[in-house]
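These notes are about the structure you will find just below.
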């Protein structure tokens, strides 16, 4: 495992509690986790294990009840919402199972949109670069309903890459794809990893986790195991 100094992500004692009527639900119970730069990590767990809560905290979509979270050396656990949004927009790219593309916009526009409110020189060129990186140079003017599921997920990955984030979080990224297309998307993640990208994939599928270099298993809100993948992750 990466040391704290090297880690782009370090969680220490992360707890998440929810109040439901008179009951307290513990979604996470003191999670310690470090993920270094240029790791390809799978987070696995059954329904209700806490893996989705963990992903939301990693992605700054939620804040922990207790504990500390360092992202690229900065403690982000207690930042105000406005600052969380700024850090999230600049440093984290998201890929979702359902793609989350705007149906009336072209692939190019979908990828360009995250740059609308940032001071990036020539955002269109950045979007074109991201689409070329995922192999969609010939689909830039297509709308989502004119593309296959795999192509739509590639657009979503390009959108995640366009801000040049330090971290990509993928939530069940092959869940809506057939096996062959899912394998193609996982091969793309492996390629991005080889190029230096840090990627965390949240999944319940062993075949998806098998493509990652490290597998973290969550159960009952705690890290059950955290091991390098002994299978070929290429």
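The one condition from (1) under 20 Å from residue 14 (Cα atoms); (2) in a loop (DSSP other than H, G, I, E, B); (3) in contact (Cβ under 8 Å) with a residue 24 or more places away in the chain that residue 63 does not meet is (3). In the range 203-234, the qualifying residues are those that are touching a helix residue (DSSP H, G or I) at 6+ places or on another chain (Cβ under 6 Å) and modelled with pLDDT of 95 or more, and the one that is nearest to residue 164 (Cα to Cα) is 215. Mind checking whether some residue in the range 116-129 is within 15 Å of residue 42 (Cβ to Cβ), in contact with a helix residue (DSSP H, G or I) (Cβ under 9 Å, 6 or more places away or on another chain) and either surrounded by fewer than 20 Cβ atoms within 10 Å (Cβ to Cβ) or touching a residue at least 40 places away in the same chain (Cβ under 8 Å) (or both)? No, every residue in the range 116-129 fails to be within 15 Å of residue 42 (Cβ to Cβ), in contact with a helix residue (DSSP H, G or I) (Cβ under 9 Å, 6 or more places away or on another chain) and either surrounded by fewer than 20 Cβ atoms within 10 Å (Cβ to Cβ) or touching a residue at least 40 places away in the same chain (Cβ under 8 Å) (or both). The single condition among (1) in a loop (DSSP other than H, G, I, E, B); (2) touching a strand residue (DSSP E or B) at 6+ places or on another chain (Cβ under 9 Å) that residue 168 does not satisfy is (1).
Within the range 96-117, the set of residues being outside any loop (DSSP other than H, G, I, E, B), closer than 26 Å to residue 208 by Cα and at pLDDT below 95 comprises 96 only.
Among the candidates 48, 93, the residue that is outside any helix (DSSP H, G or I) and surrounded by fewer than 16 Cβ atoms within 10 Å (Cβ to Cβ) is uniquely 48. Could you tell me how many of the residues in the range 144-180 are buried (at least 16 other Cβ atoms within 10 Å of the Cβ) and over 17 Å from the mean Cα position of the chain (by Cα)? Qualifying residue count for the region: 6.
Are any residues in the range 178-191 without any contact (Cβ under 8 Å) to a residue 40 or more places away in the chain and closer than 16 Å to residue 164 by Cα, and if so, which ones?
Our first condition is that a residue be without any contact (Cβ under 8 Å) to a residue 40 or more places away in the chain; within the range 178-191, this holds for 178-187, 191.
Of everything in the range 178-191, just one residue is without any contact (Cβ under 8 Å) to a residue 40 or more places away in the chain and closer than 16 Å to residue 164 by Cα, namely 191.
Let me spell it out: the conditions are (1) buried (at least 19 other Cβ atoms within 10 Å of the Cβ); (2) touching a strand residue (DSSP E or B) at 6+ places or on another chain (Cβ under 8 Å), and residue 17 meets all of them except one. Which number is the exception? The failed condition is (1).
May I ask you to say which residue of 43, 57 is in a helix (DSSP H, G or I) and within 30 Å of residue 191 (Cβ to Cβ)?
57
When 53, 65 are checked against the criterion of being at pLDDT 90 or above, more than 25 Å from residue 155 (Cα to Cα) and within 14 Å of the chain's Cα centre (by Cα), a single residue qualifies: 53. In this structure, does residue 82 turn out to be outside any loop (DSSP other than H, G, I, E, B), more than 13 Å from the chain's Cα centre (by Cα), modelled with pLDDT of 90 or more and over 21 Å from residue 214 (Cβ atoms)? So residue 82 fits the description; yes. Which of the residues belonging to the range 190-208 are surrounded by fewer than 22 Cβ atoms within 10 Å (Cβ to Cβ) and assigned to a helix (DSSP H, G or I)? Residues satisfying the conditions are 190, 191, 192, 193, 194, 206, 207.
The values are calculated or read from the model by the stated rules, or taken from the named source; none is laboratory data. A quick note: this is a predicted structure, and the numbers were derived from the prediction, not measured. Ideal geometry is used to build each Cβ from the backbone, glycine not excepted, and the neighbour counts take in all protein chains shown.
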